[in-house]
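Read through the structure below, which is laid out as structure tokens, and then see the notes.
The values are calculated or read from the model by the stated rules, or taken from the named source; none is laboratory data. Owing to the predicted nature of the structure, the values given are computational and were not obtained by experimental measurement. Because the Cβ atoms are built from the backbone with ideal geometry, glycine has one as well, and the counts that use them run over all protein chains shown.
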Amino acid sequence: MPKRSLAIITLLLFAAIPAFAGRRIVPSTDRLPLGDWTYDAMISLASDGLVPGYAARLFEGDRLFNRFEMAQIVSMIIETSVEKDITSYQAVLIDHLVSEFRPELLYFEPGTIQKWSERVAGMSLPSDQKAFALGYVQGKFTDSTADDTGTLLPYHISGFSRLAPHIFAVATFSNKEERFFQRPRPDTTPSRLFVRKIDSGSFWTIGREYLDWGPAYSGSVILSDNSPAFTQMRGSREIEFGKIFGRVKITEFATTFRHEGPHIYLFGRRYEKPFNRNWHLGISETAKTNFAPNPLIAALPFYLYQAIFIKDDARINTLYSTDLTYLADNGMQAYAEVVVDDMTAPRFLRPHHSFSRPRKAGIVAGFYSPKVFRDDLPSNFRAEYIAIDRLTYSATWAAVPELAYTHDTQIIGHPIGPNAKAIYLRGERYFSHKFSAIAEYFNQWQTASGDPERGHQRVVSLTAAYDLRPDASIALRIAPFKTITAGEPSESGTEYELRASFGF
């Protein structure tokens, strides 16, 4: 029954895509997940010298990008490719990147897509399978009381296969995952294994891939790449709602996994709407259930689905979030996201239900300046504030722990987790075209007494990097830290990390 229900839901989800899909024109300000395939593509192209001003190191986790920033880099690559001879595999990667960021390219540089079409008009791109490897390897030595991994040889290798003009497959193997603010987790499983179709009207993905919804750099408060990759079915299309609402981009996913024993179903839906060139709105909803749901969950808003089909709140945990981004013409950004956990259907839909609930919400607000100094060298600064209530992401009822908002013990929402506030600052400055420094400050503290016991953590990090070549870099990171936990002696020290990386 569970597999049959999920199959029906999947068919409904993907059957709707071609029915509603038109030309993809709605841009997104979402931050790209750390494990997104586009980072691997950029590592490969930067290693080949096709990304002016960007070494492969920047796409290996030293910096995260949103869709607008990545689209601007794609535009630079196209300009560079006009003046250089490119190989067929380079053209394949660029072609899929142009398809991926089509709405964003149309938004600020509409001639870029036409320029790329003219560039590849005389080339013979393979229409069938074209496979090659991309990624990076590192040599790393770590001396830290907080990290006992010691000397490592981290690697991140992806196999990229072009299956058809608009379809490709990616398989990634990595021996370590890094998430928000240099918090490593060992992982020897395939990070990603998926097939993706992207064309001018829609996209869909089937397989294991990371997700992150929203503009926040440190992670979304509703769906963050802090969680392991999901084995999922995901699709996106745009719908015209007339003069009042205009054109809206809708993205949906469905996944199932085991958690605390029972079989769990997780669904998510995101609506994105730009009001003009500067203001962008996003609304997201997720539902985690411990039973095989009615296939109509793929079509109905989760509020309405809950009111019609679910009489027991112990069988579902629903979250809603809203994010708003202001994108200035000079590239500056201001953004905020609010999530509310444990949503129940509105009172007028459930008149005989008790609505007494503790506060379970979270917010993240941030500011980003892509240019701090007036010289020609890159520099940027970001500041974020995060606050999450004590019971956010917890189970709807204590008797059903499987409904906690977690996946393989990791919180699906923001990585700082519940009962905490945090300030995150990040500045990056290039002193030459090869030498740069990144300074980070992370200060997290507990907001209320009781579980979970979070304590107080403060980390200051300074990373100096030198790019020997676009594909080869060395970096030194020094990070003093202090941790205070109630009832235990405080812990302090300094992490040292020496890293050499090679991209391909």
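Every listed requirement among (1) assigned to a strand (DSSP E or B); (2) surrounded by fewer than 19 Cβ atoms within 10 Å (Cβ to Cβ); (3) at pLDDT below 95 is met by residue 439 save one, (3).
Residue-wise test of (1) modelled with pLDDT under 95; (2) among the small types (Gly, Ala, Ser); (3) part of a strand (DSSP E or B); (4) in contact with a Leu (Cβ under 8 Å, 6 or more places away or on another chain).
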site	(1), (2), (3), (4)
322	no, no, yes, yes
326	no, no, yes, no
352	yes, no, no, no
356	yes, yes, no, no
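Of the residues in segment 280-291, at least one is charged (D, E, K, R) and in contact with a helix residue (DSSP H, G or I) (Cβ under 8 Å, 6 or more places away or on another chain). Among the residues examined, residue 227 does not qualify as crowded, with 22+ Cβ neighbours inside 10 Å, at pLDDT 90 or above, outside any helix (DSSP H, G or I) and polar (S, T, N, Q).
Residues that are in contact (Cβ under 8 Å) with a residue 40 or more places away in the chain and either under 19 Å from residue 483 (Cβ atoms) or outside any strand (DSSP E or B) (or both) within segment 453-470 comprise 459, 461, 470, listed in sequence order.
Please go through segment 366-386 and give me each residue that is closer than 21 Å to residue 419 by Cβ and surrounded by fewer than 17 Cβ atoms within 10 Å (Cβ to Cβ), ordered by number. Across segment 366-386, the qualifying residue is only 385.
Taken over segment 35-64, the criterion of being part of a loop (DSSP other than H, G, I, E, B), within 19 Å of residue 499 (Cα to Cα) and in contact with a strand residue (DSSP E or B) (Cβ under 9 Å, 6 or more places away or on another chain) is satisfied by 55, 60, 61, 62, 63, 64.
Against the test of being in contact with a strand residue (DSSP E or B) (Cβ under 9 Å, 6 or more places away or on another chain) and in a helix (DSSP H, G or I), the options 92, 26, 74, 98 yield a single qualifying residue, 92.
Pairing residues of segment 109-129 that are at pLDDT 80 or above and among the aromatic types (Phe, Trp, Tyr) with residues that are surrounded by 10 or more Cβ atoms within 10 Å (Cβ to Cβ) and not in a loop (DSSP other than H, G, I, E, B), at Cβ distances under 6 Å and at least 6 apart in sequence or on separate chains, gives 116/78; 116/98. Quickly run through segment 276-313 and pick out the residues that are under 30 Å from residue 336 (Cα atoms) and assigned to a helix (DSSP H, G or I). Correct list: 297, 298, 302, 303, 304, 305, 306, 307, 313. Residue pairs whose Cβ atoms lie under 8 Å apart, sitting 6 or more positions apart in sequence or on different chains, and linking a residue in segment 321-338 that is among the hydrophobic types (A, V, I, L, M, F, W, C) to a partner that is outside any strand (DSSP E or B), are 327/29; 327/68; 327/277; 327/278; 328/278; 332/370; 338/221.
May I ask you to list the residues in segment 403-436 that are among the hydrophobic types (A, V, I, L, M, F, W, C) and buried (at least 16 other Cβ atoms within 10 Å of the Cβ)? Break it down into steps so the answer makes sense when it comes.
Step one: list which residues in segment 403-436 are among the hydrophobic types (A, V, I, L, M, F, W, C), which gives 403-404, 411-412, 416, 420, 422-423, 425, 431, 435.
Residues satisfying the conditions are 403, 404, 411, 412, 416, 420, 422.
Of all the residues in segment 328-350, those that are more than 26 Å from the chain's Cα centre (by Cα) and modelled with pLDDT of 95 or more number 0. The set of residues from segment 139-164 being modelled with pLDDT of 90 or more and within 30 Å of residue 461 (Cβ to Cβ) comprises 157, 158. Which members of segment 369-424 meet the condition of being touching a residue at least 24 places away in the same chain (Cβ under 8 Å), more than 15 Å from residue 341 (Cβ to Cβ) and assigned to a loop (DSSP other than H, G, I, E, B)? If the condition is that a residue be touching a residue at least 24 places away in the same chain (Cβ under 8 Å), more than 15 Å from residue 341 (Cβ to Cβ) and assigned to a loop (DSSP other than H, G, I, E, B), then 370, 371, 372, 373, 377, 378, 399, 408, 415 are the ones that fit.
Checking the structure you have, find out if any residue of segment 425-434 is within 25 Å of residue 227 (Cβ to Cβ) and not in a strand (DSSP E or B). First the steps, then the outcome.
Step one: list which residues in segment 425-434 are within 25 Å of residue 227 (Cβ to Cβ), which gives 425-426.
Those left that are additionally not in a strand (DSSP E or B): none.
For segment 425-434, residues within 25 Å of residue 227 (Cβ to Cβ) and not in a strand (DSSP E or B): absent.
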